[in-house]
Each structure stands twice: as C-alpha cells, then as structure tokens.
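To keep things clear, I will list the structure first and then write my remarks on it.
The values are calculated or read from the model by the stated rules, or taken from the named source; none is laboratory data. Every value quoted in this text rests on a predicted model; they were computed, and no experiment measured them. Every residue, glycine as well, gets a Cβ built from its backbone with ideal geometry; the counts of neighbours run over all protein chains shown.
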Amino acid sequence: MQERLAVLDGARGVAVLGILILNVISFGLPQAAYLNPAFAGLPSVSDIWAWGLQNVLAEQKFLTIFALLFGAGLQLQLRRGKGNEEMKSRLSWLLIFGALHAIFLWDGDILLPYGLVGLMCWRMIRDAQSPRSMLRFGLVLYCLGLLLLLILGWLSINAAPSSFWQPDWQTLDTEISTKLAGGVVAMKYRFHQMISMLLVVILQYGWQLAGMMVAGAGLVRSGWLQGSRLPHQYRRKALILIPLGILIQLPGVWLNISGGWSFHWSAYFGQIPREIAAPIQAMGYLALWYAIFPSIQHTRFARAMVSVGRMALSNYILQTLLCYMIFYGFGWFNQLNRVHLLMLVPVIWLVNIAFSVLWLRHFRQGPLEWVWRKLVYWSTHHHRQHESW
C-alpha cells in the first residue's frame, strides 16, 4: 500500500510542477497572453514556438492530471471513513484558502474552483455504484463542458473581441500599473477577476472539472490510479494515448497560428481540439509515470517527486510567493517574453524540490497541509460539540 500511495504522491508532484509551465505566463504577462500570444500584435517566431510547445505538451494536461488526482483523493478520503461533516469542512476550507489566495496574491488561483466543484460532486463520488459508472458519468460531465464552450463560441461569433482576448492599450496599461502597484488597488482588481473566474467555472469550466474529478475517483476505485496494473500495461497505454493527444491538437494549433489567433475562431472553437486531447494526453502522462515508477522509485528523482506531491498545497502557494516576488516585487511583470519566462520555471522547480525534501526530513506533512488538517479538525470538532448541546 505504501508503494501505491508513493506512486500517487509522485504523480501529484509531477502535476504541481507541471502546472507552473503555464502559470508562469499568467504571472509574468497580462492575462490575455495566457491564451492569445498575439494579444499585443503578432508574436516573434520564438514566442510562437514556445506557445505551440506549451499548448501541445502542457496546457490543460497537468491541470487535468491534478483534477483526476483531486478526485482520487476524495475517493481515498471517503474510503478511510471520513464523514460528511469532515468532507464538507475539508473542501470548504480549501475554498476559503483559494479565495484568500485569489484576492491577496494571484488572480489565477485554482484552489477556489477545486473547493467549489469538490463540494458539488463529492456526494456523487460517495454514492456511485461502480468505477465504470463513475468513468461514464465523468465523461458525460466533461463533454457537457465542451458543448457549453461551443455554445459560447456560437453566441460570440459576431461579437467584437473582448478584453480577455484582445485588450486595448488603456486596459493593458491599467492591468500592468495595478499589478505593479500592489496594495488595496491590486486586491480590488483581483477580487473582480475572481468573480469573473467564478462565472466561468459555473457557466462552463466547472463541468469539465467535475467530470475529471469523478473520473479520477473512478480510476482510483478501479485500482488503475493505485498501481494495480503491470508496468508494461501502463507503458502500452502511454505509447497510444500521448501520441494520440498530440495528433488531435496539431490541426487546431496550425489553424490558430495561420489565422493569427483570430478572436472569432481561436477564443472558443480553437480551444476545442486541445480540450478534447487534454484528458487523453493526461492519462497518457499518468500511464507513463506509473510504467516507470517501479524501476525508479528508489532514485532521488522519484523521492523528490513524492516529496513535492505530499506537500502539493504548500508547493502551489510557494510558487505563487516566488512569482509574486519576481514579477511584482522586482518589477519584472511584462518585461520577459515566453521563452525567458520558461527559463525561470526549472529554477522555481528546484526551490520546490529543495523545500519539500528538507521540510519532510523534520516534519510529517507540509506547513499548509498541517494548517488545513488542524482547521478541519477544529471545525468538525466544534460542530459536534455544538450538536451535543
């Protein structure tokens, strides 16, 4: 069981590090740059290559892995006998962490939507009859999210480009000056961004997120995410799923580039190939990790990934603190291109790894994981005391 938990923690560590490949763009450039490299004019050749590689290899893949593993974690918590109040408390505190993170530090937070969607779907996971039914229902929810994305595209087909895709210079100047200024002004800006993000989660993205959480719970219940298959079986899956995911995306990448990231194509319809490929490729990446883990589990690399995964929440916030210092504290926001931003990623990874390995030599869990656990215990214990009166 310990080896199976280690492989799951290691996969979570890979996902936490992997999401920085995209998050660094949100930290270092205006928000429109995340999806549209032509937000301020045609990008350079190097930026086009960087965008293409990020899009094909990383974008939505590591977030999807993280969502699958989050759902797996919910299933494992339920299997360990966590009660309704404890599950609700755990997810509610995550939601609160996310809101604080989004308002005080960074408007690209994922903790808030994970907590919110987790609260909506943990009962589905608890009451599901079989792994197969969970996988089917997860697929239905994910496809519903894709359908809603298509509908939003059709509704916007004659609309002018919105500021999230093609901001005017005044909007860009306001965003840049606000983020660099910090303080109350920046917090107000991030609060409004958080509200916009919640609307997107409710209207569209939350359905995809819920689908992956339910599917991840089904995968752990079936044993797939607990390492129950043989390495060659995982390897075969990886060799099929990763190339398939890449092939699905290539036409969309080419159409985005050749069309100059036109709003009416790229903002909605151009995202569909990547969104279809994301769960396929994410499963391929997971299969690859599970295939190689038995042979590398005693190496420093594997132990480092396991350590990072055991402290996923702390490491996610550490990435924010480091990027906040670099881009807003040192004033590097909107000063680097995509290639330069990607060069910073391995440096931050090394800090994540060193922090995790050193911390876990002295403590059993990460600092924020400890706080989270104590808050859950306090709130559920307080609730039980209140009920006893």
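From the list Arg4, Arg12, the one residue that fits, being in a helix (DSSP H, G or I), among the charged types (D, E, K, R) and at pLDDT 95 or above, is Arg12. Inspection of the stretch 315-327 identifies no residue that is buried (at least 17 other Cβ atoms within 10 Å of the Cβ), within 25 Å of Ala186 (Cα to Cα) and in contact with an Asp or Glu (Cβ under 7 Å, 6 or more places away or on another chain).
Considering Gly252, Gly218, Gly245, the condition of being assigned to a helix (DSSP H, G or I), small (Gly, Ala, Ser) and closer than 13 Å to Leu68 by Cβ is satisfied by Gly218 alone. Return a yes/no flag: does the stretch 77-87 have any residue that is at positive phi, modelled with pLDDT under 95 and either surrounded by fewer than 17 Cβ atoms within 10 Å (Cβ to Cβ) or not aromatic (Phe, Trp, Tyr) (or both). There is at least one residue in the stretch 77-87 that is at positive phi, modelled with pLDDT under 95 and either surrounded by fewer than 17 Cβ atoms within 10 Å (Cβ to Cβ) or not aromatic (Phe, Trp, Tyr) (or both). Return the residues of the stretch 333-347 that are surrounded by fewer than 19 Cβ atoms within 10 Å (Cβ to Cβ) and touching a Gly at 6+ places or on another chain (Cβ under 7 Å); say none if nothing qualifies. The one that is surrounded by fewer than 19 Cβ atoms within 10 Å (Cβ to Cβ) and touching a Gly at 6+ places or on another chain (Cβ under 7 Å): Leu336.
Taken over the stretch 97-142, the criterion of being among the aromatic types (Phe, Trp, Tyr) and more than 30 Å from Val185 (Cα to Cα) is satisfied by Trp122, Phe137, Tyr142.
Restricted to the stretch 203-219, and to residues that are at pLDDT 95 or above and aliphatic (A, V, I, L, M), which residue is nearest to Gln75 (Cα to Cα)? Among those residues, the one meeting the criterion is Ala217.
When Ser44 is tested against (1) farther than 25 Å from Tyr142 by Cα; (2) surrounded by fewer than 24 Cβ atoms within 10 Å (Cβ to Cβ); (3) of a type outside the set (A, V, I, L, M, F, W, C); (4) in contact with a helix residue (DSSP H, G or I) (Cβ under 7 Å, 6 or more places away or on another chain), only condition (4) is not met.
Among the residues of the stretch 152-166, the ones that are surrounded by 12 or more Cβ atoms within 10 Å (Cβ to Cβ) and either in a helix (DSSP H, G or I) or among the polar types (S, T, N, Q) (or both) come to 6 in all.
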